[in-house]
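Participant: The structure follows.
The values are calculated or read from the model by the stated rules, or taken from the named source; none is laboratory data. Predicted model, so just to flag it, every value in this text is computed and none were measured. Please note: Cβ atoms are built from the backbone with ideal geometry, for glycine as well, and neighbour counts cover all protein chains shown. Just so you know, the surface numbers come from the protein's heavy atoms only, side chains and all, with ligands and any DNA or RNA stripped out. Shrake-Rupley method; radii C 1.70, N 1.55, O 1.52, S 1.80 Å.
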Amino acid sequence: MLKYAILGFLKYRPHTGYEIKQTMDKSTGHFWHAKQSQIYTTLKKLEEGGLVASHPEPQESRPDRRVYIITESGGKELQVWLSQPVTKIEKSKVILLLKLFFSGKEDKETILTQLRLQRTLHERQFELYKIEPTVFIEEIVALQPGLKRDALLWEATRRFGELHEKIYMEWLDETISMVEKEF
């Protein structure tokens, strides 16, 4: 799937591997992310497969940077992938749920510490979703008004992240309350 994320970013404009990582962190990071090394490895495979092309770009007092562009065949492959419906619900792995599932014999404070820490972390993430991506989206549309439709869908994914965190915090609050009362 990383290959499609990279092709998707390159459909908007040329990027270096570093720029892809930065853009990903600011945009899709709440639902799709990758390590810098994974991005460079995937870019190399995409270039070998003819889906992207690259060229060196000179920089003053720094080594040349490699800039990638999507090729026609890369654009076609991305379009095929985008047109295919998602026909299954993907399963996720949540470490907290696995730990909680097996924590029936743990002491109350150990469980509450885990839950409260997660509550704090999810609250921070919730606040970030309310502010950071919105500003990022607005900046891009101001520079490129032709991306207004894209921005509506970007906002939909940002909103998903915000609502996901809100529901997660509600569940944590319920679970904390249950442990406080029942343990």
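Participant: So how tilted is helix 2-12 from the main axis of the chain? Cα-based, degrees 0 to 90, rounded to 10.
Facilitator: 60
Participant: Okay, moving on. Give me the percent of the accessible area of the range 30-114 that comes from carbon and sulfur atoms, probe 1.4 Å, all protein chains in place.
Facilitator: Answer for the range 30-114 is 57 percent, counting heavy atoms of protein chains only.
Participant: Right, something else. Efficiency by 1/(1 + (r/R0)^6): what FRET value for GLU174 and LYS26, r their Cβ-Cβ distance, R0 = 45 Å, to the nearest 0.05?
Facilitator: Between GLU174 and LYS26 the formula returns 0.90.
Participant: Sticking with this structure for a sec: Would you list TYR18, TYR129, TYR12, TYR40 from the most to the least accessible area, probe 1.4 Å?
Facilitator: TYR18, TYR40, TYR12, TYR129
Participant: With just the Cα atoms defining each centre, how far is the range 16-87 from the range 149-183? Give it in Å.
Facilitator: Centre-to-centre distance over Cα atoms comes out at 30 Å.
Participant: In addition: Taking 25 °C and 0.890 mPa s as the conditions, I'd like the Stokes-Einstein D for the chain in µm²/s, using the Kirkwood hydrodynamic radius from alpha carbon pairs.
Facilitator: 127
Participant: Could you grab the relative contact order for the range 1-141? Cα pairs under 8 Å, six or more apart, rounded to a whole percent.
Facilitator: It comes to 24 percent, rounded to a whole number.
Participant: How high is the FRET efficiency between ARG159 and LEU96 when r is their beta carbon distance and R₀ equals 22 Å, given to the nearest 0.05?
Facilitator: The pair ARG159/LEU96 has a calculated efficiency of 0.40.
Participant: At q = 0.16 Å⁻¹, what log₁₀ I(q)/I(0) does a Debye calculation on the Cα points of the range 1-81 give, no solvent, two decimals?
Facilitator: -0.55
Participant: Also, quick follow-up: Whose amide H sits under 5 Å from the amide H of VAL67, counting only residues 5 or more places off or on another chain, with H placed in the peptide plane?
Facilitator: HIS55, GLU57
Participant: Compute the accessible area per residue over the chain, keeping the other protein chains in place, probe 1.4 Å, unit Å².
Facilitator: 70
Participant: If you don't mind, there's one more thing I want to ask. Compute the acute angle (0 to 90°) between the alpha-carbon long axis of helix 36-48 and the principal axis of greatest extent of the alpha-carbon atoms of the chain; round to the nearest 10°.
Facilitator: Its long axis makes an angle of about 40 degrees.
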